[in-house]
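The values are calculated or read from the model by the stated rules, or taken from the named source; none is laboratory data. Worth saying up front: this structure is predicted, and the values here are computed from it rather than measured. A quick note on method: Cβ atoms are made from the backbone with ideal geometry, for glycine too, and the neighbour counts reach across all protein chains shown.
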Amino acid sequence: MQPLRTAMAKSAVSVCKNAYVSTANRRPSADDLLVLLSVGRTGRYTTAAEELGLNHTTISRRIAALEQSMGGRVLARVAGGWELTELGREALAAAEAVESAVRSLSTDAGGRRALEGVVRISATDGFSAYIAAPAAAAVQRRHPKVAVEIVATTRPASQQRSGLDVEVVVGEPKVHRAEALRLADYCLGLYGSRDYLAAHGAPSSVADLHRFPLIYFIDSMLQVDDLDLAASFAPAMRESVTSTNVFVHVEATRASAGLGLLPCFMADRHPDLVRVLAKPVSIRLAYWLVTRAETLRRPEVAAVVEAIRDRVRAQHDVLLGAR
């Protein structure tokens with residue numbers, strides 16, 4: 001009886017080994033690679049499932065099949081989503097080649113390669129409205145199948161860019177596994193409405209600012225160091241209306257709530273706002289663009305990034321308050 005059991009055990013081990021070798025030697029499926037491409041870009045199974053028209057279970061099963069065929073993990077769990085492993089980044093290059101080959105079969109009416117897909121951008125409120133939105137519109141006119149989603153928020157660059165293709169932040173970001181490109185400088189200045197200045201007078205110097213209330217960000221909720229330091233020129237100014245949204249700053253200033261520390265490219269659009277102490281209060285900050293190298297290789301993302309860069313070049317003087 002013992003020899004029979006030993007033989008059966010050896011047979012079972014042999015079957016398992018053969019099955020493992022068969023699975024490990026199986027070529028990765030092109031479909032599985034495209035699923036990895038979507039998860040790698042979005043950082044989430046659920047978002048990838050929505051993009052591909054699949055359910056979460058199918059996404060999970062395809063990733064498991066790809067890992068079996070490649071003999072290792074292609075994704076690692078991180079806070080807020082999934083990140084590619086070293087093996088996953090190798091697989092991503094193959095997935096991009098598959099995607100490029102498929103898309104090369106699609107051309108527009110002029111015979112040019114047709115771009116398509118969704119590009120997700122995170123940027124500050126003002127940048128979203130006056131730079132990102134016109135840039136997105138320019139891309140959409142040239143490439144109607146490219147959709148651009150803009151998330152307006154003021155925060156530092158995230159370490160895991162789950163669900164985002166491009167981030168635009170204020171101040172030089174400290175990121176890993178990503179590229180950071182300096183886009184443009186812009187200026188903040190002090191503004192008051194004509195009615196407010198007529199009623200209260202204009203400040204004669206920085207020292208005179210203690211008489212005036214300040215309209216700016218909520219100090220306890222501000223996450224960006226460069227913006228936090230911007231108001232340090234006049235620590236004696238008391239707070240008036242504060243908000244996490246810069247459009248609220250502009251409108252509160254126009255409504256005579258005090259002096260607003262505003263981006264010049266936003267305030268200068270309103271003839272009822274007057275800049276005060278232009279020389280002593282001119283705070284220069286920088287917009288930076290953050291994206292993964294593999295994300296930037298997507299033609300639709302590259303087209304949006306180039307349109308953003310074109311827009312900031314065209315708005316150079318406006319951004320600096322030189323009009």
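Quick look at the values:
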item	result
Residue within the range 232-239 that is hydrophobic (A, V, I, L, M, F, W, C), loosely packed, with under 15 Cβ neighbours inside 10 Å and on the phi < 0 side of the Ramachandran plot present	yes
Pairs where the first residue, in the range 82-94, is within 13 Å of D32 (Cβ to Cβ) and the second is part of a helix (DSSP H, G or I) and charged (D, E, K, R), C-beta under 6 Å, 6+ apart	L92/E294
Search result, residues across the range 205-225 that are within 30 Å of the chain's Cα centre (by Cα) and either surrounded by fewer than 15 Cβ atoms within 10 Å (Cβ to Cβ) or not assigned by TED's automatic domain parsing to the domain that holds V248 (or both)	I218, D219, S220, M221, Q223, D225
Given (1) surrounded by fewer than 21 Cβ atoms within 10 Å (Cβ to Cβ); (2) hydrophobic (A, V, I, L, M, F, W, C); (3) not in a strand (DSSP E or B), number of the condition V250 does not satisfy	(1)
Meets criteria (at pLDDT 95 or above, buried (at least 18 other Cβ atoms within 10 Å of the Cβ), in contact with a Pro (Cβ under 9 Å, 6 or more places away or on another chain) and more than 30 Å from R103 (Cα to Cα)) for L259	yes
Flag for R182 being more than 20 Å from the chain's Cα centre (by Cα) and at negative phi	no
Members of the range 257-292 found to be more than 30 Å from E90 (Cβ to Cβ), among the hydrophobic types (A, V, I, L, M, F, W, C) and part of a strand (DSSP E or B), listed by number	L259, L261, L262, L273, V274, V276, I283, L285, A286
All positions within the range 293-323 that are part of a loop (DSSP other than H, G, I, E, B), aliphatic (A, V, I, L, M) and in contact with a Cys (Cβ under 8 Å, 6 or more places away or on another chain)	L320
Residue within the range 51-65 that is modelled with pLDDT of 90 or more, crowded, with 21+ Cβ neighbours inside 10 Å, part of a helix (DSSP H, G or I) and not basic (K, R) present	yes
Set A76, A48, A30: member being crowded, with 18+ Cβ neighbours inside 10 Å, at pLDDT 50 or above, under 37 Å from the mean Cα position of the chain (by Cα) and under 24 Å from R292 (Cα atoms)	A48
Filtered residue count, the range 33-69, keeping only those that are of a type in the set (S, T, Y) and free of Cβ contacts under 8 Å to residues at least 40 places away in the same chain	6
Considering residues of the range 102-126 that are under 19 Å from T295 (Cβ atoms) and hydrophobic (A, V, I, L, M, F, W, C) only, the residue modelled with the lowest pLDDT	V102
